[in-house]
Amino acid sequence: MKKILFCSISFLIAVLVLSGCQDRKDPGKSDPFKGESFRIKKGTNIAHWLSQSSARGEQRERFFTEKDVRYIDSLGFDHIRLPIDEEQMWDESGKRHDDAFALMKNCITWCHDAGLRVIIDLHILRSHYFNADVKPLWTEPAEQDKFIALWKDLSAFLKEWPTAMVAYEPMNEPVADDPEQWNRLLMRLVDSIRTWEPARVIVLGSNKWQSADTFDQLRIPAGDTNLILSYHFYEPFFLTHYQAGWTQLKNFRARVSYPGQIVSDPVIPDEMKASGARELERAMKRVYNRDTLEYMMRKPFEAARRTKLQLYCGEFGVYENFFPEAKLAWYRDMVSIFREHGVAYANWNYKSGSFGIVDDQNVPSIEVTNILLGR
């Protein structure tokens with residue numbers, strides 16, 4: 001009886017062990033990024049979730065979920081750019097908002113399981129908003145120290161994730177009066193990150209809204225291969241931001257064409273005339289086409305060629321759908337240029353009723369999405 005009992009117990013233990021082995025993931029397969037480097041091709045921005053949004057609690061949780069990550073992956077994107085704002089992630093003393101950090105961790109976990117890479121973009125600081133008139137970041141040393149401290153805290157939280165999967169973008173669209181103000185602060189941050197995480201990929205953009213036109217003013221650390229060069233592109237503004245409420249075009253009326261002369265039959269509001277009628281008239285007569293856009297990106301192309309670093313257009317898109325044919329033609333030319341020059345890209349953005357490839361009711365814009373994915 002004892003022998004039978006012993007054999008039964010031994011068999012049960014063996015079954016449990018085998019079951020445990022079957023449930024346990026193969027360490028070599030549990031990390032889809034093992035043995036890889038951080039390389040990206042096409043992605044989308046997850047805007048208005050942990051950045052530029054007043055939603056909190058369940059409303060914020062519902063806005064972006066694992067279902068969205070699975071959908072992005074199913075479409076064929078290979079990464080997301082995740083904007084986060086200081087005021088969402090930390091209180092004014094620098095203490096973490098645990099609920100926001102939990103959402104960020106959930107998002108990265110979902111992306112890891114789906115095989116998507118993530119760029120964490122510190123989008124807006126209390127001391128720096130790209131469209132604000134006053135930006136204490138450039139004038140107050142304490143704010144620069146705080147900027148470094150925020151990234152030290154982010155690094156402590158994110159460093160567990162593979163360097164082949166998560167990259168850091170120090171700040172979205174810096175706007176300093178002098179480009180050297182940004183260069184000095186950026187170099188200080190890069191040096192700091194290298195002491196915490198020597199191999200982490202850092203995404204660098206130039207001063208003045210990460211413009212392609214200012215890219216020759218960006219100081220790029222020599223000999224550091226774990227860098228990506230990033231620019232944003234919204235030209236021509238008459239098309240991409242037509243009647244956008246936060247711009248001078250909010251009350252502008254015209255017929256906008258692309259390709260070709262960008263504006264015809266304009267009705268110009270007084271506030272636009274006050275900023276320079278002659279220059280405005282010249283701008284409206286300009287002709288834009290694929291060659292024009294490609295020429296306007298020449299400075300980032302040259303920087304990537306010179307440094308042999310990966311180039312990335314981290315934002316581009318068209319507000320609303322006022323001129324559908326022009327909008328689609330512009331997207332086709334943009335993606336064509338990116339492909340020809342080996343530029344990775346992420347459209348602005350994933351979910352919204354204006355720029356989004358998915359609207360507020362989760363209805364996708366099939367035509368734009370197919371262009372972005374090269375279909």
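Numerical summary
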| quantity | calculated |
| --- | --- |
| Unique match (being in a loop (DSSP other than H, G, I, E, B) and among the basic types (Lys, Arg)) among Arg194, Arg184, Arg188, Arg200 | Arg200 |
| Every pair of residues 6+ apart whose Cβ atoms lie under 7 Å, when the first sits in region 332-359 and is without any contact (Cβ under 8 Å) to a residue 24 or more places away in the chain while the second is among the acidic types (Asp, Glu) and surrounded by fewer than 16 Cβ atoms within 10 Å (Cβ to Cβ) | Gly353/Asp359; Gly353/Asp360 |
| Residue list for region 52-64, restricted to those being within 18 Å of the chain's Cα centre (by Cα) and free of Cβ contacts under 8 Å to residues at least 40 places away in the same chain | Ser53 |
| Selected residue [closer than 30 Å to Thr225 by Cα, assigned to a loop (DSSP other than H, G, I, E, B) and modelled with pLDDT under 95] from Gly374, Gly353, Gly317 | Gly374 |
| Some residue of region 162-179 being over 20 Å from the mean Cα position of the chain (by Cα), within 20 Å of Ile228 (Cβ to Cβ) and acidic (Asp, Glu) | no |
| Yes/no for Ser275 being under 20 Å from the mean Cα position of the chain (by Cα) and either closer than 30 Å to Phe64 by Cα or assigned to a loop (DSSP other than H, G, I, E, B) (or both) | no |
| Inter-residue pairs, beta-carbon under 6 Å, first farther than 16 Å from Leu185 by Cα and acidic (Asp, Glu) and in region 215-235, second surrounded by fewer than 20 Cβ atoms within 10 Å (Cβ to Cβ) and modelled with pLDDT of 95 or more, 6+ apart | Asp216/Lys299; Glu235/Met296 |
| From Lys208, Lys152, residue being in contact with an Asp or Glu (Cβ under 9 Å, 6 or more places away or on another chain), surrounded by fewer than 19 Cβ atoms within 10 Å (Cβ to Cβ) and either in contact (Cβ under 8 Å) with a residue 60 or more places away in the chain or part of a helix (DSSP H, G or I) (or both) | Lys208 |
| Selection status of Tyr231, among the aromatic types (Phe, Trp, Tyr), more than 17 Å from Phe322 (Cα to Cα) and not in a helix (DSSP H, G or I) | yes |
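The values are calculated or read from the model by the stated rules, or taken from the named source; none is laboratory data. Please read these numbers as outputs of a predicted model, since none were measured by experiment. Don't worry about glycine lacking a Cβ; one is built from the backbone with ideal geometry, like all the others, and counts go over all protein chains shown.
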